[in-house]
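Here is the structure we will look at, set down as structure tokens.
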Amino acid sequence: MKRKRPARRTGTLVVVGVVLAAVCWCGSAAAQALVEKHFPNGIPSGHPRLWWNEARLSRAKTWAAAHPFEPSDIVDLQSDRASPIDNAFKYLLTGKTSYCTTAMKWATAALAAIPDTGQNGCNECRWYGPGVILVYDWCYPAISDKTPFSKLNRILKHWNADAWGSDQPYGDMDFAENNFFWGYFANNLLWGIASFGENAEAATYIANALDKRWDGVVRPHFTTCNPSGTPFEGTDYGHYMVDYMLFPLVTAGLLGRDMLGETGYYAGAVFNFIYNTTPAPTYQNPASKIAYFSVFPYGDAQDFVADSPGVYWDIGPAQRPNVAAFMKMMATRYDGHGLAAYARRWLSLTGATVPALYVLNAVASLDPGSEERDLAKLPLDYYASGSCIAHAFARTNWTSSATAVHMQLVSPPILGHEHADAGHWQIWRKGRWVALEASGRADSGFLIPSYAGTKGTTDVRESLAHNVVLFAGKGLASTGMGFATLKRLETNPNYFYAVTDLTASYHSKDDDARYGNPSVGHEEREFIFIRPLETLVILDRMLSNGSDTRKGFIVHAQTAFKAAGTNSYSATNGDQVLLLTTVSPAAPTYRTYDERSSALPASYRLEVETSGAGVQHFLHVAQARDSSGSNLTITPTESDQEFDVTLSHPTLGCARLVLKKGSTSTGGQFGYAATCAAVTLRPFIDSIQGLEVTSEGPVWSGLTEAAPVISSTPVVAATVGIPYVYDVYASGWPQPTFSLVENPPDMSIVAATGLITWTPNKEGTFKVTVVARNGVAPDAKQSFEIVVTPPGAVSPPNKGTAG
């Protein structure tokens, strides 16, 4: 991931009264040694020192000439916090002190609002601190009275002490993923650099940031615990992991410390944001009138389902300005590589309906490239690995008609904004949430009815608000939760497969009787996402301790669950349906709940319960489909040793699963074909398939190029005046594209997905040939005939060939 950095230019550039110099302050011997240790290029004696050097500022001036902007003069602390930074940037471009006057009004108010006493946590420090320091540095020549900034020394001294987010564990809690920790990190490093040579305390703050926090806490954490860029604190607070580090990472790099190159976390974060974003704008709840690009929620997610979610800056959960700024910065860093091109594509997609002030102008001005790369060139599956957190994403394709699945294979214990959600899963399809957690913020009035109709309510932080298994009416540990263990994982053109042992996550290392769930002997969850059938199969291997042997399979949706046949329940959200079928046990107990409240406008729950001693299994099939689509035909065979399940669909093909019973996942087979008779079983791998995030994108080990194979069954009957639809499915890598080489007039196909549509206007027999190609020979060809009859006529049997 490392790229050779060009030599730092020397000399002096005068830009309208702002002096940039390569001369370094020396200070004390200890301070000088610290600088030499961390910053081989030294700290410039002039200002600005943060974010800019001569070449970058020159590039920004060129950009500004082509993209003129006028920053807001609003100085209210609760207004857009980008305005003071934009004003300071405008001063660097023009030398007009009026811009710094505006920025200083905000900075003065911010400093007054930041406390330097108290022993809990300092929100104002992380909200305002980086902006105040940037104003100090960028407006330095224009600030006649710098006395107000001396308060920063008192602030940092106080909040670096034993407090929430301090530079060392608070009790037995590790702050490596805490938003306060990272806010203080940014303040320490930025203030240490900005005031070095002018402030006797500056070296102390640099040491706090780099010696104590980065080298002492962060780098070890990023090495094994979370190397892949999936933030612990979830939807509401996880983005601060990249937000607060935007200016520190770049500034350190300019001074010779390539922090970005010391970890793969931030490159991984780019793809985590891409895969966690919905394939298309999403209606956040069934009553929504406006669709936004969204994200799969986890952890605290306040107002997630609101039409105009205020905590997301009124522009949608996927479109936070600080995440956009991070993606733009990474595009600049990796310009010329796939990572940059994918980041820019994500920005273009999600920013389509976003106000102009989406990315700070100081950030936008520096991206030298314009290359974007189609996200369809990325693998369909992604796994963000880590011993403390591991999320997986799988989808059918990269278009707006995709079905996408999110699986939380390993989750961290609750410290701040985390939830008890290890093993949780969610499904999105065609702009709707098909299966979704009961989203909300902990301890903030987001409450749902308790399990099994018992008296009282449960906070959304607890497991009941997520799609997991409860034992004896309780979920995962609320404090001191252990880490799940990922055991098997595989990507395949026809499926994604993962197995996670969740047992440790039900138990607490602090006090299991009080915070954990002693009723859990074992819980292992197996996921199989069958791509062509748009179906998630979930197998739970369960063993109870004690006399209460109840197990409850929990699933949530945004609309009410209704019985849909034997052992099946459905929930319809707009034109999309979740159909959940219990394959085993044969006669469970079902309960449904309306979880809606003023805080949760769209949340319903289905509980599937069984009980008994010894190893038990839940085997569920979760199909996502159009409301007008066909249900799967599920044909299970069960023996003492295994489940053998066939899933067939009129047009999407047939899959067969053989899953061995027992408390631990071993063996297992899968097969898929256009017809059940053509299915050939092959074993699941018995290990974890590797995935490496490179500068060109994620690369799965063992995923080789494969020619396309069309396996869907053509629809060969149509009626005059009635729309005809056939969704062609083809496996292969890279992902195939589709075209028609023989077809009746007015028939069309979506190249990216294979969706054929047509409205016939006369009777007859019409020949069709569809081709799937991906650059790997041979192309796949499917020829068939469609018999069009008048309304009321009997449809003929299928007639087609696939190859």
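Bear in mind that the values in this text are calculations on the coordinates, not laboratory data. Not measured: the values here are computed from a predicted model. Positions of Cβ are generated from backbone atoms using ideal geometry, with glycine treated the same way; all protein chains shown enter the neighbour counts.
Descriptive notes on the structure:
- Placed amide H near Thr403: partners under 5 Å, 5+ positions off or other chain: Thr396, Asn397
- Overall Cα dimensions of region 81-169, principal axis frame, Å, largest first: 45, 23, 19
- Helix 338-350 axis, angle to the chain major axis (alpha carbon atoms, nearest 10°): 80 degrees
- Cβ-defined net charge surrounding Thr500, 15 Å radius [Lys, Arg +1; Asp, Glu -1]: -4
- Relative counts (whole %) of C-alpha pair distances in region 706-802, using bins that are 10 Å wide: 18, 49, 25, 8, 1
- If you take the Cα centroid of region 647-689 and the Cα centroid of region 96-152, the two points sit 61 Å apart.
- Region 379-629, dipole about Cα centre (Lys/Arg Cβ +1, Asp/Glu Cβ -1), debye to the nearest 20: 420 debye
- Applying both filters, DSSP loop and at most 16 other Cβ atoms within 10 Å, to the trypsin sites (Lys or Arg not before Pro) of region 467-568 gives Lys509.
- Rounded to the nearest 20, the size of the Cβ-charge dipole of region 103-253 about its Cα centre is 360 debye, with Lys and Arg at +1 and Asp and Glu at -1.
- Computed over the chain, the per-residue total of -39500 (n - 2.57) for DSSP H runs of n ≥ 4 gives a 222 nm mean residue ellipticity of -6000 deg cm²/dmol, rounded to 500.
- For region 379-629: rounded, prolate or oblate by the Cα gyration tensor [a/c cutoff 1.5]: rounded
- Cα gyration tensor shape of region 394-513, rounded if a/c is under 1.5, else prolate or oblate by comparing a/b with b/c: oblate
- Mean Cα-pair separation over length for region 379-629, i.e. relative contact order, pairs under 8 Å, 6 or more apart, %: 17 percent
- Mean separation of Cα contacts under 8 Å, 6 or more apart, over the residue count of the chain: relative contact order %: 7 percent
- Residue-by-residue Karplus 3J(HN,Hα) for region 692-707, coefficients 6.51, -1.76, 1.60, Hz, glycine and proline x: 10, 8, 10, 5, 9, x, x, 10, 7, 6, x, 8, 9, 4, 9, 5
- Pairwise centroid distance, computed over Cα atoms, of region 425-480 with region 701-755, Å: 39 Å
- Residues whose amide H comes within less than 5 Å of that of Gly480, counting only those at least five positions distant or on another chain, are Ile414 (H built at 1.01 Å from N in the peptide plane).
- Under 19 Å of direct C-alpha separation, and excluding same-chain neighbours fewer than eight residues apart, Lys762 reaches these aspartates and glutamates: Glu742, Asp746, Glu785.
- Each Lys and Arg Cβ is given +1 and each Asp and Glu Cβ -1; about its Cα centre, the chain then shows a dipole of about 1340 debye.
- Residue-by-residue Karplus 3J(HN,Hα) for region 656-673, coefficients 6.51, -1.76, 1.60, Hz, glycine and proline x: 10, 10, 10, 10, 6, 7, x, 6, 10, 6, 9, x, x, 9, 9, x, 8, 7
- Relative contact order (%) - region 706-802, alpha-carbon pairs under 8 angstrom, separation at least six: 36 percent
- Here the Karplus relation 6.51 cos²θ - 1.76 cosθ + 1.60, evaluated at θ = phi - 60°, turns the backbone of region 636-647 into coupling constants of x, 10, 10, 10, 5, 9, 7, 9, 10, 10, 10, 10 Hz, with x for every Gly and Pro.
- Scaled against 2.2 N^0.38 Å for its residue count N, the alpha carbon radius of gyration of the chain is 1.02.
- Ranked packing of 754-760, 695-701, most packed first, by mean Cβ within 10 Å: 754-760, 695-701
- Cross-link partners of Lys105 among lysines, defined as those whose alpha carbon lies under 21 angstrom from its own and excluding same-chain residues fewer than eight positions apart: Lys90, Lys96, Lys146, Lys151.
- Oblate is the label for region 443-574. Its Cα gyration tensor axes, ordered a ≥ b ≥ c, give a/c of at least 1.5 and b/c at or above a/b.
- Taking 20 Å as the limit for the C-alpha separation, the pairs Lys474/Lys509; Lys289/Lys562; Lys61/Lys328; Lys289/Lys377; Lys487/Lys660; Lys487/Lys551 exceed it in the case of Lys289/Lys562; Lys289/Lys377; Lys487/Lys551.
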